[in-house]
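Here is the structure we will look at, set down as structure tokens.
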Amino acid sequence: MRSTFSQATVVTHGAVLALTASVIADCAPWSPMGNGLVAVTALATLNDGSVVAGCPYVAGPTIQRWNGSTWTVLGTGVDYGVSALVTMPNGDLIAGGAFTTAGGNPARSVARWDGNNWHAMGTGLNGEVRALAVGPNGELYAGGLFSLGNQYDVAMWTGNGWAALGGGFNGGEGYIFALAVMPNGDVVAGGNFNGKIRRWDGSTWTTIGGGVDGAVYALAVMPNGDLVAGGAFLNAGSTPARRIARWNGSAWSSMANGMVNGNFNSEWVGSLKVLANGQLVAGGLFEVAGSAPASSIARWDGTHWWPLGGGVKALNTQNQVRAISVTPSGVIIAGGVFNRAGASLAANVASHILGPNTCLADFDCSNTLGADDVFEFLNAWFDAHPYADFNGRDGTDVQDIFEFLNAWFAGCP
Ligand SMILES: [Ca+2]
Ligand SMILES: [Ca+2]
């Protein structure tokens, strides 16, 4: 089994990484992106590879584009916070939020950028848009907290206006925070409404699998059609699933032990992104994913969670990853609230390319050796995580502890 791992080649959206370390842990460095941004609530990648970030309305422009070296306002921007971004099949960008103008012209809560100019979309939506999703045939859906006549919180773009997906949400139930479109075109909404997660089959909204017991902030559809939900819940249906759960069409399952933060009251998954190789990246507010050290961002290989390059940290607040995007060349972009990414200073947005751990004793990929590495190694070892199979043979056994401690005392090169 180990030899399979040591000879593995991971293809990530065009970037090919030959992994020769005995343990596949991605501890490659993060890179800051210029001077960063005030905070990031949404990310999207345009067809030219540039990255667009949406920001809350705190100070400065709320929608900016990264051209590889600097952030600049997209057009003349929008006049209030941006909460959702999605790129259409034709390359147009759709932005959702709580704004009232785009490019200086009226555009309520939702607007389209065609590469050169902003455009209103019909008369817009009369409340905040928090989620956008595109279907397999280019169908566009918006969710949030708004009404269309006596229908609430979710709408479909018809090409010249917004239409309700009727009968699913009552006024006052709460927000839709996330939308996803299933391979068959069904729409899934997550939020803080009753049951927290519902599916639209074209005529009826139905709570999925008994719902979950806390807000859903993020949704992703895996390559096999399974649905992954992330949020602030602890149970999916009657299945314990800490902050993240997988629905296979008939049952919920947990994903390892889910996500854990030291502060139990502030612990959630807020963003999900499927990589080209079918693996999943989850971001949020947590310190451990399964039994792997993972500071607010982690990678799921199908069975286990793994660190993602040391993750992100914040000095005076809780580190949060609220948005994840992947460029056409496989670069992972994370945005949220943080001031360090890996060992780099990075203001709320940073980029990362998967790469192996070059110092296996630095178990949390923090770029320094400390007591944390020992505790985190032991935590993973007790869980029989393959990351704790330090010598790459015979699974996790006592020999791994000796060899890990030897390497830890010897220090990193
Ligand atoms: Ca360390
Ligand atoms: Ca071993």
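Over the alpha-carbon set of the chain, divide Rg by the Kirkwood Rh and report the Rg/Rh ratio to two decimals.
When Rh is taken as the Kirkwood radius, the ratio is 0.98.
Taking K and R as +1 and D and E as -1, what net charge do the other residues with C-beta under 12 Å from the C-beta of Phe286 add up to?
Here the count lands on 0.
Residue separation times 0.36 nm, minus the C-alpha to C-alpha distance between Thr72 and Asn277: what's the value?
70.7 nm
Going by Cβ distance under 4.7 Å, what cysteines of the chain have no possible disulfide partner?
Singleton cysteines: Cys55.
So, R0 is 41 Å and r is the distance between the beta-carbons of Ala343 and Ser250; what FRET efficiency does that work out to, to 0.05?
0.40
If each DSSP helix of 4+ residues adds -39,500 (n - 2.57) and the sum is divided by the residues in the chain, what number results at 222 nm, nearest 500 deg cm²/dmol?
One gets -2000 deg cm²/dmol as the mean residue ellipticity at 222 nm.
What nm distance separates the two modelled labels at Val58 and Asn194, each placed 7 Å from Cα along Cα→Cβ?
3.7 nm
Run the numbers for Asp48 and Cys412: contour at 0.36 nm per residue of separation, minus the present Cα-Cα distance, in nm.
Between Asp48 and Cys412, full extension yields an extra 127.1 nm.
Name the residues whose placed amide hydrogens come within less than 5 Å of the amide hydrogen of Tyr217, ignoring near sequence neighbours (fewer than 5 apart) on the same chain.
Under 5 Å from the amide H of Tyr217 lie the amide H atoms of Gly230, Gly231, Ala232, each far enough along the sequence or on another chain.
Using 7 Å Cα-to-Cβ label points, what is the Asn316/Asn137 separation (nm, one decimal)?
5.3 nm
Once fully extended, how much extra length lies between Asp186 and Gln399, figured as 0.36 nm per residue of separation less the alpha-carbon to alpha-carbon distance?
That pair, Asp186 and Gln399, stretches by 71.7 nm at full extension.
Every number in this text was worked out from the coordinates using simple rules, so none of it is lab data. Keep in mind that what you see is a predicted model, and the values were worked out from it rather than measured. Cβ coordinates were reconstructed from backbone atoms using ideal geometry, including for glycine residues, and neighbour counts include every protein chain displayed.
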